[in-house]
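Asks: Once you've had a glance at the structure underneath, I'll fire off some questions.
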Amino acid sequence: MLTPMIYLILAGITAFCVVLFATPSLIKVAFLKRLFDEPGEARKLHKRVVPTIGGIIIFAATLFACALWFPYDIISKEYMAGGVRLFQFVVAALIMMFFVGVKDDIIGTAPIKKLAAQIIVSMILVLMAETRLRSMHGLFGINDIPLWASIFLSLFAMIVIVNSYNLIDGVDGLAAGVGLISSSALGAMFVLSGHLVPAILAFSLAGSLAAFLVFNFSPAKIFMGDSGSLSIGLIMSILVITFIEMKPAAQSAVWVNQLVNPVVGMAFLAYPLTDTLRIFGYRAMRGVSPFSADRNHLHHLLIDSGMSHAKTVIWIYIANTFVIALAGITSIYFNITVSFIITGGTVVLLTFVPWLLKRSAMKKNTGGGKTRHINEVAA
């Protein structure tokens, strides 16, 4: 029988290799079948034709690695200890979400139909797999919550997380890199807490995203499309909710127990959630649909300030990692409410940085234009 760590290592390596060796062929097929995205719209940042079906290989590699290295010989013990329930529901929900994304990538899907599918998928996970939020863990003095509140809060959280990853997939390597950071950190936390099943799912996703970044980092050779971003968002929602509600093993260190709370859980989703809530609020104030496309995302502001795609995503990686570390440190040294206030306040301050950088760049360009005009007149 293999040890738990061997299962995790093999799952990550398997997913990585599948994506690394299969993606070049997928790119060729995409060009042959004309499954690519063409530049043209103002919000689109790429200047050339790029395939958009990378999510197919992320989905396939993640599920393949999980199925191949799923620890059937020790799973019963983990379920009896309160691990993730009924893994088959997770697979069923992920397959449904994946095909919704594939349809949207190929022929397009109306936002209302995508939302309906997300609600159905979330209901499968919340009601059948019982992957739901049951407690606030003392945040603002709230602990256990009623069943009806637990169900609605969990459904809302899943739908928001899924859409958040879908919305941030606008810059080369952004969604894949942010997903890699969060899934790797979550996988490590599951290992430290003695939960093997979600750890394998986390490391399988991390392996897939690490290899996908080889082709998706700027300049991207392939995009993940909705099939990828929706699948990543769904997996991340499952992992985060499972993390918040898990009970660490008896032998886990005290500091590990202190990290299992909603603040750290939200920190894993720092950039996707922050950008989504910000952009939804901005669109609501303008009276337009929250699903309408524009160039007001934080990554758009950074690029408009003069940053390259690569520099933009690296700064976001650093900021997201910093927020996760900050949430962890404050959770160890302060109570959960203080940790939330410190972490949340820091995130709010960070959201102003792209706007300030863009504003500064616009002032420089305007000033430079005036200077040139004066010089030309003088001449």
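Quick note: the coordinates plus some simple rules give every number you see, no bench work behind them. Computed from a prediction, not measured in an experiment: that's the story for all the values here. Neighbour counts are summed over all protein chains in view; Cβ atoms, including those assigned to glycine, are modelled from backbone coordinates with ideal geometry.
Asks: On a full-extension model of 0.36 nm per residue, what is the gain between Asn257 and Ala188, subtracting their alpha-carbon distance, rounded to one decimal in nm? Let's see the in-between values first.
Replies: Working: separation 69, 0.36 × 69 = 24.84 nm, distance 1.35 nm.
The span from Asn257 to Ala188 would gain 23.5 nm if fully extended.
Asks: Okay, next question. What whole-number distance in Å separates the alpha-carbon centres of the stretch 215-284 and the stretch 172-196?
Replies: 8
Asks: Got a sec? Which residues in the stretch 183-221 would a label at Ala310 touch, if it sits 7 Å along Cα→Cβ and we count backbone N under 17 Å?
Replies: Under 17 Å, as judged by backbone N against the label point of Ala310, lie 213-221 of the stretch 183-221.
Asks: If you don't mind, there's one more thing I want to ask. Using a Förster radius of 35 Å, what is the FRET efficiency between Ile318 and Ala149 based on their Cβ-Cβ separation? Nearest 0.05, please.
Replies: On the way: r = 36 Å, r/R0 = 1.03.
Efficiency at R0 = 35 Å is approximately 0.45.
Asks: Given 20 °C and 1.002 mPa s, how large is the Stokes-Einstein diffusion coefficient of the stretch 4-378 in µm²/s, with Rh as the Kirkwood radius over Cα pairs? Walk me through the numbers on the way to the answer.
Replies: Values: Rh = 21.4 Å.
It comes out at roughly 100 µm²/s.
Asks: What does a probe at Phe334 reach in the stretch 239-270, counting residues whose amide N is under 16 Å from the point 7 Å along Cα→Cβ?
Replies: Backbone N within reach: 259, 261-267.
Asks: Contact order normalised by length for the stretch 4-378, with contacts defined as Cα pairs under 8 Å and 6 or more residues apart; what percent is it? Display every interim value, and only then the final one.
Replies: Working: 554 pairs, mean separation 81.5, N = 375.
Rounded, it is 22 percent for the stretch 4-378.
Asks: If you don't mind, another one. How far, in nm, would the chain grow between Val29 and Leu127 when pulled straight, counting 0.36 nm per residue and subtracting the alpha carbon separation? Can you show the working numbers first?
Replies: Numbers: separation 98, 0.36 × 98 = 35.28 nm, distance 3.87 nm.
Taking 0.36 nm per residue and subtracting the Cα distance, the gain is 31.4 nm.
Asks: Something else now. Against the longest alpha carbon principal axis of the chain, how many degrees, from 0 to 90 and to the nearest 10, is the axis of helix 270-286 turned?
Replies: For helix 270-286, the angle is close to 50 degrees.
Asks: OK, next. Between the helical axis of 87-106 and the dominant principal axis of the chain, each derived from Cα atoms, what acute angle in degrees is found, rounded to the nearest 10?
Replies: 20
Asks: Relative to a virtual label point 7 Å from the Cα of Arg359 in the Cα→beta-carbon direction, which members of the stretch 303-317 show backbone nitrogen distances below 20 Å?
Replies: Backbone N within reach: 303-307.
Asks: Right, next: On a 0 to 90 degree scale, rounded to 10, what angle separates helix 147-168 from the longest Cα axis of the chain?
Replies: In the chain, helix 147-168 runs at an angle near 40 degrees to the longest axis.
Asks: To the nearest 500 deg cm²/dmol, what mean residue ellipticity at 222 nm is calculated for the chain from DSSP H runs of n ≥ 4 alone, each contributing -39,500 (n - 2.57), summed and divided by the residues?
Replies: On the way: 15 runs with 270 residues, N = 379.
Taking each H run of at least 4 residues, the total per residue is -24000 deg cm²/dmol.
Asks: What does the charge count near Phe215 come to, summing +1 for each Lys or Arg and -1 for each Asp or Glu among other residues with Cβ under 11 Å from its Cβ?
Replies: Numbers: positive: Lys221; negative: Asp172.
Here the charged neighbours net out to 0.
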